[in-house]
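Peer 1: Just dropping this structure here.
The values are calculated or read from the model by the stated rules, or taken from the named source; none is laboratory data. Worth saying up front: this structure is predicted, and the values here are computed from it rather than measured. Here the Cβ is made from the backbone with ideal geometry for all residues, glycine too, and neighbour counts use every protein chain on show. SASA here: full protein model, heavy atoms, side chains in, ligands and nucleic acids out. Shrake-Rupley method; radii C 1.70, N 1.55, O 1.52, S 1.80 Å.
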Amino acid sequence: MAAVTGMVPPPDADADGQMRALPAERNATVSGVLKTLTTVIEFGANAEAQQVPVAMKTLPRLLDGRKKKVTEDDIDVAPVTESWRRLVFRAGSHGSTVDKNAYTMCVLTQFHRRLKRRDVYAEASARWRDPRGQLLTARTGRRARGRR
């Protein structure tokens with residue numbers, strides 16, 4: 001998490017500023033983290049953020065280098081916000097192509113923001129698990145103590 005947090009732009013960063021271009025250059029570091037992160041930890045999400053963990057799971061395959069030209073058909077476009085569109089999609093002679101580095105940083109940024117808001121969670125984690133499950137546990141615990 002520390003590696004991802006250090007690479008994504010701050011929430012108040014300029015929508016199409018230099019902060020988005022710089023992390024895209026760190027793709028080699030990111031690809032190693034992503035392979036581990038997406039295979040070791042099972043992420044869940046609320047209805048609003050479901051596309052983010054799905055897109056995260058596809059990133060290692062996208063970054064393995066086998067496919068040089070990536071198109072919209074190869075990615076999940078749902079996490080691409082308006083501020084990222086200009087950087088992720090590039091017009092080409094045979095239609096639109098996708099900048100893999102920009103798309104990776106876009107998905108990681110969405111993942112980081114959603115994780116902080118608890119829209120995305122890791123059930124096995126004490127800190128990052130589903131907050132709705134903690135509410136039910138806390139409420140049940142209070143009822144049990146009150147009946148003694």
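Peer 1: For the range 43-122, what does the accessible surface come to per residue with a 1.4 Å probe? Please give it in Å².
Peer 2: Using a 1.4 Å probe on heavy atoms only, each residue of the range 43-122 averages 50 Å².
Peer 1: What percentage of the solvent-accessible surface of the range 32-90, computed with a 1.4 Å probe over protein heavy atoms, is contributed by carbon and sulfur atoms? Write out the running numbers ahead of the final one.
Peer 2: Working: 1830 of 3460 Å².
Whole-percent figure for carbon plus sulfur exposure: 53.
Peer 1: In straight Cα distance, which lysines are under 22 Å from LYS68, not counting same-chain residues fewer than 8 positions off?
Peer 2: Result set, ordered by chain and number: LYS35, LYS57, LYS100.
Peer 1: Rank-order 67-78, 49-60 by packing density, defined as the average count of other C-beta atoms within 10 Å over each peptide's residues, highest first. Walk me through the numbers on the way to the answer.
Peer 2: Working: 67-78: 13.6, 49-60: 19.2.
Averaged packing, sorted descending, gives the order 49-60, 67-78.
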